[in-house]
Amino acid sequence: MAHSIELLIDQRADTAVRQMWHALADGGLPSRHRVPSGTRRPHITLVAAERIAPGIDRVLGGLAEELPLPVVLGAPLVFGTDRLTLARLVVGSAALLALHDEVYGLCRPFAFNVFAHSAPGRWTPHITLGRRFTPAQVGEALAAVDGIAADIRASIVGLRRWDGDAKREYLMVN
């Protein structure tokens, strides 16, 4: 299972994303709402890898002074070619891109088999709404979440390490 370093958003934005998850689930569509985990929450993945060693927690804990960081959750975004992922784009401000670069660099000694899409210049900041959509479901999904929120002004307020093997989060900044 994958490990990751993730940014957490403020309560108001978290609630808006969860409303979109519920709208998708209520429509019988794929949704992060259906992910069976007590630690399931909207997040922005900064770095994903096969494994990230726990020693990174102490290193990244010093980033608390950089938060909160304002962001905008923008337009819907679709990834993939066959089974698709629906997400909301997180507008990549200079401050967010700088934070990503910093975290990516700090993680390198602790991360094993970092996924290529996490690298600076290849990373697309987003919050996932659902995975494994068929192409035919995408239009229906966009209609389901369309009236919930236009651009969402949010703040990044936390940082966690996700251990996909243990299905456990480790809060570094909350």
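Under the convention that each Lys and Arg Cβ holds +1 and each Asp and Glu Cβ holds -1, the size of the dipole of region 87-174 around its Cα centre is about 180 debye. Taking the charge dipole of region 3-163 about its Cα centre, with +1 at Lys and Arg Cβ atoms and -1 at Asp and Glu Cβ atoms, the residue from Ala98, Ala48, Ala13 reaching farthest to the positive side is Ala48. For a Förster distance of 25 Å, can you work out the FRET efficiency between the beta-carbons of Asp151 and Arg83, rounded to the nearest 0.05? Working from the Cβ atoms, E equals 0.35.
In the chain, a dipole from Cβ-located charges (positive for Lys and Arg, negative for Asp and Glu) runs towards its positive end, and of Val173, Ala136, Ser4 it is Ala136 whose Cα lies farthest in that direction.
Name the residues whose placed amide hydrogens come within less than 5 Å of the amide hydrogen of Trp123, ignoring near sequence neighbours (fewer than 5 apart) on the same chain. Here the answer is none, since no amide H 5 or more places off falls under 5 Å of that of Trp123. Between Val138 and His117, the modelled labels are 1.4 nm apart [label points 7 Å from Cα along Cα→Cβ].
For region 127-143, putting each phi into the Karplus relation 6.51 cos²θ - 1.76 cosθ + 1.60 with θ = phi - 60° gives couplings of 10, 6, 9, x, 10, 6, 6, 7, x, 5, 7, 4, x, 5, 5, 4, 5 Hz, in residue order, rounded to whole numbers and with x for Gly and Pro. For the chain, the longest principal axis of the Cα atoms and the long axis of helix 11-26 meet at an angle of about 40 degrees.
Modelled spin labels at Lys167 and Val59, positioned 7 Å past Cα toward Cβ, are 2.9 nm from each other. Accessible surface of region 68-174, 1.4 Å probe: 55 percent of it comes from carbon and sulfur atoms.
Note on Arg40 and Ala94: with the Förster distance fixed at 25 Å, the Cβ-Cβ geometry gives a FRET efficiency of about 0.25. With a 10 Å cut-off between alpha carbons and a GNM built on the chain, which of Val47, Val17, Val145 moves the most? Looking only at Val47, Val17, Val145, the biggest GNM fluctuation is shown by Val145. Think of each Lys and Arg Cβ as +1 and each Asp and Glu Cβ as -1; about the Cα centre, that makes the dipole of region 3-163 roughly 360 debye.
Counting only protein heavy atoms and a 1.4 Å probe, region 3-163 has 47 square angstrom of accessible area per residue. For Val71, nonlocal amide neighbours, meaning residues 5 or more places apart or on other chains whose placed amide H falls under 5 Å from its own, are Ala154, Ser155, Ile156. Working note: 222 nm ellipticity from helices only, DSSP H runs with n ≥ 4, each -39,500 (n - 2.57), summed and divided by the residues of the chain, gives -8500 deg cm²/dmol to the nearest 500.
Charge tally around Leu97: other residues with Cβ under 14 Å, Lys/Arg +1 each, Asp/Glu -1 each, net -2.
What's the extension gain from Ala2 to Thr124 if we count 0.36 nm per residue and subtract their Cα-Cα distance?
Between Ala2 and Thr124, full extension yields 42.2 nm more.
The values are calculated or read from the model by the stated rules, or taken from the named source; none is laboratory data. Everything numeric here is computed off the predicted structure, so don't read it as measured data. Cβ atoms come from the backbone with ideal geometry, glycine included; neighbour counts cover every protein chain shown. Surface accessibility is based on the protein's heavy atoms, side chains included, excluding ligands, DNA and RNA. Shrake-Rupley method; radii C 1.70, N 1.55, O 1.52, S 1.80 Å.
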